[in-house]
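One structure is given below, encoded as structure tokens.
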Amino acid sequence: RLIPYGRNSNFTGRKNILESVKRLSEPASHNRIALYGLGGSGKTQIALEYVHQRASESGCHVFWVGGSGLSKFSEGFRDVAQLAHIYPTNAEKDPEG
């Protein structure tokens, strides 16, 4: 697991959104979901609650990739690749270094 934040013990509500995220992330579905909204509207807390619920399930693997900018996005995917033992197959240099 690669979840950078602990579970919020004060998280409440948002049951309908969590159910939608679960339904959309089931194997027969697309498995890509975007939570969007104004800053401070609870997107991160919803995502955290969802991944902490799923992380306790057998056979579930969770990797957190931040989307606050290109460098964080690239860093997150590099971390996932390293944990999964996926290495570059060519000598091209990563634009982020």
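Computed from the coordinates by the stated procedures, all read-outs in this text should not be read as laboratory data. All values reported here derive from a predicted model rather than from experimental measurement. Positions of Cβ are backbone-derived with ideal geometry, glycine not excepted, and every protein chain shown enters the neighbour counts.
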request  = Search region 60-74 for residues that are touching a residue at least 12 places away in the same chain (Cβ under 8 Å) and over 15 Å from A34 (Cα atoms) and pair each with any residue that is small (G, A, S) and not in a loop (DSSP other than H, G, I, E, B) when their beta-carbon atoms are under 6 Å apart and the residues are at least 6 apart or on different chains.
outcome  = V62/A55
task = Within region 1-22, count every residue that is under 13 Å from G42 (Cβ atoms) and small (G, A, S).
result = 1
request  = Report yes if some residue within region 11-34 is among the aliphatic types (A, V, I, L, M), in contact with a His (Cβ under 7 Å, 6 or more places away or on another chain) and outside any loop (DSSP other than H, G, I, E, B); otherwise report no.
outcome  = yes
